[in-house]
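The values are calculated or read from the model by the stated rules, or taken from the named source; none is laboratory data. Small disclaimer: the values here were computed from a predicted structure and weren't measured. So basically every Cβ, Gly included, is an ideal-geometry build from the backbone, and we count neighbours across all protein chains shown. When the accessible area is computed, the model is the full protein with side chains, heavy atoms only, and any ligands, DNA or RNA have been set aside. Shrake-Rupley method; radii C 1.70, N 1.55, O 1.52, S 1.80 Å.
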Amino acid sequence: MSIIGDRLKVLRYKRKIKIPTIISELNIARSTYTGYELGRRNPDGKSLAKLADILDTSVDYIVGVT
């Protein structure tokens, strides 16, 4: 897995947020989001910002800066 994928998964579990909630807020396919968590693809800047809001964290944390 990747840093981004690992952190997305951990944050999602900690916040008890289901994948359908995230994909509906981002307006993306389930396969796209699971690709993020599995490290097969990376979210673009706009999606990263929305993910940070949904998961109540910073973009820097998600990408591994902090």
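Of note:
- Matching residues in segment 53-66 - criterion: being polar (S, T, N, Q) and open to solvent by 60 Å² or more (accessible area, probe 1.4 Å): Thr66
- Applying a threshold of 9 Å to beta carbon distances and a minimum spacing of six or more residues, or different chains, the list of pairs starting in segment 1-27 at a residue that is of a type in the set (Gly, Ala, Ser) and ending at one that is loosely packed, with under 13 Cβ neighbours inside 10 Å and not in a helix (DSSP H, G or I) reads Ser2/Gly64.
- Any hit, segment 34-52, residues being in contact (Cβ under 8 Å) with a residue 24 or more places away in the chain, surrounded by fewer than 13 Cβ atoms within 10 Å (Cβ to Cβ) and charged (D, E, K, R): no
- A residue that is touching a Phe, Trp or Tyr at 6+ places or on another chain (Cβ under 9 Å) and not in a helix (DSSP H, G or I) can be found somewhere in segment 33-53.
- Condition met for Gly5 (in contact with a helix residue (DSSP H, G or I) (Cβ under 7 Å, 6 or more places away or on another chain), part of a helix (DSSP H, G or I) and surrounded by 16 or more Cβ atoms within 10 Å (Cβ to Cβ)): yes
- Among residues of segment 1-46, those that are among the charged types (D, E, K, R) and more than 16 Å from Val63 (Cα to Cα), counted: 6
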